[in-house]
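I have placed the structure first, in the form of structure tokens, so that the comments after it can refer back to it.
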Amino acid sequence: MKKYLFVAVIFLMLFTLSSCKHVEDTNGEEDYTIETFSDEDIFKNSSNYLAIGKVEKNINNESSLSVSKFSGIYKFTSFKVKDSNFKFKIESNCSSGNFKIVLVKDNNTIINIEINNEKIIEINEQGTYALKVIGESAKFSLKIIRMWKRI
């Protein structure tokens, strides 16, 4: 029993002493611009983040994510577009921190998606896409509803 407790304490110490920490919002409450992460970071990192209060749900064609405090880059979903158009509705709300949503195509093109509103995104170009969220001490919620449309 003491061995298990000792191992648990060691893992807890390693976890708390790791380099994972939140990136502070230094550009003010009304400015959601990401200051720490570059486009290169977005391309190379699929998921490197720290989140407190993360709730993620996937039901049928609807996915949602809400986080109380988020810093880093997280690949929320990915998909391939082949023969047909791909269409989805995205709803986002950021109430604090810095926050950005991007669609990365074939790991070499970034398409920025406006935050704090509802938007329908239609993709007509073939390729592999990843929807990523980037945050610096961000409190946000995000919902995606997938819709398919045949050509």
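For the stretch 22-149, a crude dipole built from +1 on the beta carbon of Lys and Arg and -1 on the beta carbon of Asp and Glu, taken about the Cα centre, is about 760 debye to the nearest 20. For the stretch 22-149, the residue among Tyr32, Ser96, Asn108 whose Cα projects farthest onto the positive side of the dipole built from Cβ charges is Asn108. Cβ crowding within 10 Å ranks Ile101, Ile145 as Ile145, Ile101, fewest other Cβ atoms first. Couplings 3J(HN,Hα) for the stretch 123-133, derived from phi with the Karplus relation 6.51 cos²θ - 1.76 cosθ + 1.60 (θ = phi - 60°), are 10, 10, 9, 5, x, 9, 10, 10, 9, 10, 10 Hz, where x marks Gly and Pro.
The simple spin-label model puts a point 7 Å past each Cα toward its Cβ; for Asn48 and Thr26 those points are separated by 1.8 nm.
Throughout, read-outs are computed from the coordinates displayed, never taken from laboratory work. What you see is a predicted model; the values in this text were computed from it and never measured. In this analysis, Cβ positions are derived from the backbone assuming ideal geometry, glycine residues included, and neighbour counts consider all displayed protein chains.
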